[in-house]
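The values are calculated or read from the model by the stated rules, or taken from the named source; none is laboratory data. Everything numeric in this text was worked out from a predicted model, so none of it was measured. Here the Cβ positions follow ideal geometry from the backbone for every residue, glycine too, while neighbour counts run over all protein chains shown. Accessible surface is based on the protein model in full, side chains and every heavy atom, while ligands, DNA and RNA are left aside. Shrake-Rupley method; radii C 1.70, N 1.55, O 1.52, S 1.80 Å.
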Amino acid sequence: MRVLLVATYELGHQPTALAGPSARLRRAGHEVACLDLSIEPLETGAVDWADKVAVSVPMHTAMRLARQVVATVRSRRPEVPVCYYGLYALTAAEPDGEGGAGGGLGPGDAAIAGEVEPDLEAWVEGRTAGVSRRLARVPDRPSDRSGLAALERYARLVDERGEHLVGAVEASRGCSHRCRHCPVPVVYEGRVRPVEVADVLADVDQLVDAGAAHLTFADPDFLNAPRHARRVVAAVHRRHPSLTFDCTVKVEHVLRHAGLWPELAAAGCRFVVSAFESTNDRLLALLRKGHTVEEASAAVALLRRHGIEVRPSWLPFTPWTSAGDVADLVDFVLAHDLVANVDPVQYSVRLLVPPGSLLLDDPELAAAFGSFDVAHLGYTWEHPDPSVDALQRELAALVEDRAADPAEEVFGAVEALVRAAACRGAGSVAGSRSAGPPGCRPRLTETWFCCSEPTAAQLAPVALVTGTPLAVGPGPGPVASAPGSAAAAGAGATPVTWGPAR
């Protein structure tokens, strides 16, 4: 079977969501081609070649784009079965009111969430279709990155030493927590699936061979399973002692596992992404975040004592927050010397409420939401104060327009908008201070965010372009590669033209 695996967006990383499934399908004897539409065009040859098309949807932005991809594929090959797989796949089962033309499921199509590889293989082989969600642990196998574009085409780490190639890897999937606004518990229901250390190492080896000098652990929370995380970090550090890394960790885990940070810092941890979300304790409790504003402040100070910077993610706009709350957030960023640590898009993030959201389980909270909006893949809501929604729109336009500018330069304009809306003057500056100058703090060059709405450029219609010769990689099938990529220039690669669909 000829299978086209498509990624649309994975936070600027080489997509891990293609590497695992492509390896499993190739082991089963299928021909596999991979396309990452964040850096490559959707080619007519690829669509015509495929017997089946599967699109990775690990986050909101990816799902929004995936629906356009599927509609484009169907416009050319309406008979080809399609599959959505990943965290947001279950939203594909929502009626779209367009007879499936907008991305809904048709006969032979599938939507697969959870541990996707077995059900994806079964779908490719015609043994299943429809909606599935697998939570039982699946034996891990090494990923196959041979068909992916070169790391040089993706986000890089920037720090005081310069720029460095980055590879993303998973040490676990799922999350042990049930934050009400998060899409992960909708699928995993509080479960965590550690990846075998040997398989993490095998994936890291591929990334290092491809030039990676820094790893992003793409787990929803790296310290969900702290003993496993320690084993992974120790094994990677022994094998590749010069590698640095970043990870995502909840505030409560930062503090609960305070004794781990000297060890993680010594092994190369440069920064931690942490979902601070709000500086309003009432809202944090409502969302079941498991921390307070005071604890967020303590987490910043704790990490900095060990030379680790924090890069907070925020949720400034919900039906229950005010312009004053957004101003408090800005004050917190200033007080803790975090201006250079916060990607500007974070100031504009608006609560997303996907199907199955835990927010809908509470009747009092659910009353804030309207009907399901197919186009935006979530339940609608409007703030009781229209000026708060207006502020969010202004901030969203501002940060999108200035997406290429340094965070420190954009912050001034953000602060001015927020203070004007809240009728508030400048805040005090007293709190944890970074030891490093703003321009040298470690960060990735990708500034967008998984829970923000996609940009206008990202949502531009996915147009088919005339196919070009691809490179045959070490697997049994053709490997999609962009001009100038490592795959295209790999040893022994030979041009191949997409054949007609069978």
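Restricted to the stretch 195-226, and to residues that are open to solvent by 30 Å² or more (accessible area, probe 1.4 Å) and within 18 Å of the chain's Cα centre (by Cα), which residue is farthest from ALA17 (Cα to Cα)?
Looking at the filtered set, the residue picked out is PRO220.
Restrict the check to the stretch 287-300 and report whether at least one residue is closer than 28 Å to THR380 by Cα, in contact (Cβ under 8 Å) with a residue 40 or more places away in the chain and open to solvent by 20 Å² or more (accessible area, probe 1.4 Å).
Yes, the stretch 287-300 has at least one match.
Out of (1) of a type in the set (A, V, I, L, M, F, W, C); (2) under 19 Å from ALA323 (Cβ atoms); (3) at pLDDT below 95, what's the single condition that is false for VAL429?
Single failed check for VAL429: (2).
Given the residues ARG288, ARG270, which is the only one that is of a type in the set (Lys, Arg) and either out of contact with any Ser or Thr (no Cβ under 8 Å at 6 or more places or on another chain) or in a helix (DSSP H, G or I) (or both)?
Testing whether each residue is of a type in the set (Lys, Arg) and either out of contact with any Ser or Thr (no Cβ under 8 Å at 6 or more places or on another chain) or in a helix (DSSP H, G or I) (or both) leaves just ARG288.
Anything in the stretch 169-185 that is under 16 Å from ALA136 (Cα atoms) and open to solvent by less than 30 Å² (accessible area, probe 1.4 Å)? List them, or say none.
Scanning the stretch 169-185 gives SER172, GLY174, CYS175, VAL184, PRO185.
For residues that are in contact with a strand residue (DSSP E or B) (Cβ under 7 Å, 6 or more places away or on another chain), open to solvent by less than 20 Å² (accessible area, probe 1.4 Å) and over 19 Å from ALA62 (Cα atoms), tally how many sit in the stretch 348-384.
Qualifying residue count for the region: 0.
Restricted to the stretch 318-373, and to residues that are assigned to a helix (DSSP H, G or I) and of a type in the set (D, E, K, R), which residue is nearest to GLY439 (Cα to Cα)?
ASP331
Which condition from (1) over 30 Å from GLY439 (Cβ atoms); (2) assigned to a helix (DSSP H, G or I) is the one that GLY190 breaks?
(2)
Could you say which residue among PRO461, PRO406, PRO454, PRO442 is at pLDDT below 75 and not β-branched (Val, Ile, Thr)?
Unique residue meeting the criteria: PRO461.
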